[in-house]
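What follows is a set of notes on a single structure, which appears directly below.
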Amino acid sequence: MSTPGQFQPGKLLDFFRYFDPKKPQHVEAARRLERSLTEKAPELLNDEAYWVKAFRTQPPKPKLTTLVDVSVQNKVKVQPQHHADSCGQTSAAMAINALTGKSLTDDSFHARYGYELLKGLRKECPGWEWWDAGDISADQWDDVERCLQAGGVPIGAGNGPGFSSGAGHIMCIVALKGDKVVVADPNGGYFRTVTRQQWENAARHPQGNFLFLCKRIQ
């Protein structure tokens with residue numbers, strides 16, 4: 001027989017879901033729970049407790065089908081960079097224009113944000129969340145795919161053959177086609193193709209082989 005008032009399974013989750021540290025009654029309730037556990041089940045207040053490990057462990061990302069075809073090429077209007085070092089601003093402008101319908105160029109982007117690409121992307125794309133996903137690697141393509149599937153325009157950096165003569169280069173990723181990556185290249189202003197492996201093995205851009213991704217804000 002259950003105790004009167006006993007929670008149904010899952011009810012405790014509501015207290016976590018609606019906990020507000022600014023509400024003194026919520027803080028006091030958490031302290032009372034902590035005292036009760038200290039007295040009756042101290043093993044649950046331990047870094048090795050199974051619930052603590054679950055709380056701190058990120059679930060694995062679901063794996064998508066490898067070597068898929070996904071594209072936003074039809075919504076990206078490729079444009080050439082106007083300066084030797086403006087590939088980043090041009091790529092940011094192309095992505096912003098594709099997502100918002102604006103008409104930025106490398107010059108207009110630079111006038112507002114200089115070389116702060118991520119700042120400009122965040123400011124100019126309401127309804128989209130942008131972040132730096134770190135250096136491009138073999139395990140990043142699922143994230144690139146998700147970005148493209150959501151209608152986003154990833155931006156990536158690389159260096160060496162396929163990218164530049166050594167100073168580094170930044171381009172928009174507009175499609176994945178099997179092991180091929182279609183890019184909007186500011187150097188000349190045209191679409192071209194590189195391979196995933198070519199990007200994974202590229203020499204380092206001076207700022208790292210970074211990858212900027214975005215998703216719609218729900």
Check your understanding: Can you tell me how many residues in segment 146-188 are part of a loop (DSSP other than H, G, I, E, B) and surrounded by fewer than 15 Cβ atoms within 10 Å (Cβ to Cβ)?
Key -> 9
Review point. Does any residue of segment 102-110 turn out to be touching a residue at least 60 places away in the same chain (Cβ under 8 Å) and within 22 Å of N209 (Cβ to Cβ)?
Key: yes
**Study point:** In segment 82-121, the residues that are among the β-branched types (V, I, T), outside any loop (DSSP other than H, G, I, E, B) and out of contact with any strand residue (DSSP E or B) (no Cβ under 9 Å at 6 or more places or on another chain)
**Key:** I96
**Study point:** Residue under evaluation D185, criteria (1) out of contact with any strand residue (DSSP E or B) (no Cβ under 6 Å at 6 or more places or on another chain); (2) under 19 Å from D85 (Cα atoms); (3) among the acidic types (D, E), criterion not met
**Key:** (1)
Exercise for review: Write out, first by first residue and then by second, each pair whose Cβ atoms fall under 9 Å of each other, whose residues are 6+ apart or on separate chains, and whose first residue, in segment 3-24, is under 20 Å from W51 (Cα atoms) while the second is small (G, A, S) and in a helix (DSSP H, G or I).
Suggested key: F15/A29; F15/A30; F19/A29; F19/A30
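Scan segment 97-124 for residues that are surrounded by 22 or more Cβ atoms within 10 Å (Cβ to Cβ) and either among the aliphatic types (A, V, I, L, M) or in contact with a Cys (Cβ under 7 Å, 6 or more places away or on another chain) (or both) and jot them down.
Looking only at segment 97-124, we keep the residues that are surrounded by 22 or more Cβ atoms within 10 Å (Cβ to Cβ), and these are 98-99, 104, 106, 109-110, 117, 120-121.
Once the filter is applied, which keeps residues that are surrounded by 22 or more Cβ atoms within 10 Å (Cβ to Cβ) and either among the aliphatic types (A, V, I, L, M) or in contact with a Cys (Cβ under 7 Å, 6 or more places away or on another chain) (or both), segment 97-124 yields A98, L99, L104, L117, L121.
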Check your understanding: Is at least one residue of segment 127-136 over 13 Å from the mean Cα position of the chain (by Cα) and among the β-branched types (V, I, T)?
Key -> no
Check your understanding: Of K40, K23, which residue is loosely packed, with under 10 Cβ neighbours inside 10 Å and on the phi < 0 side of the Ramachandran plot?
Key -> K40
Check your understanding: What pairs can you find where one residue is in segment 89-100 and under 16 Å from D185 (Cβ atoms), the other is surrounded by fewer than 24 Cβ atoms within 10 Å (Cβ to Cβ) and of a type in the set (K, R), and their Cβ atoms are less than 9 Å apart, with a gap of 6+ or different chains?
Key -> A93/K102; M94/K77; N97/K77; A98/K75; A98/K77
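Taken together, the values in this text are just the output of simple stated rules run on the coordinates, not laboratory data. Everything numeric here is computed off the predicted structure, so don't read it as measured data. Ideal geometry is used to build each Cβ from the backbone, glycine not excepted, and the neighbour counts take in all protein chains shown.
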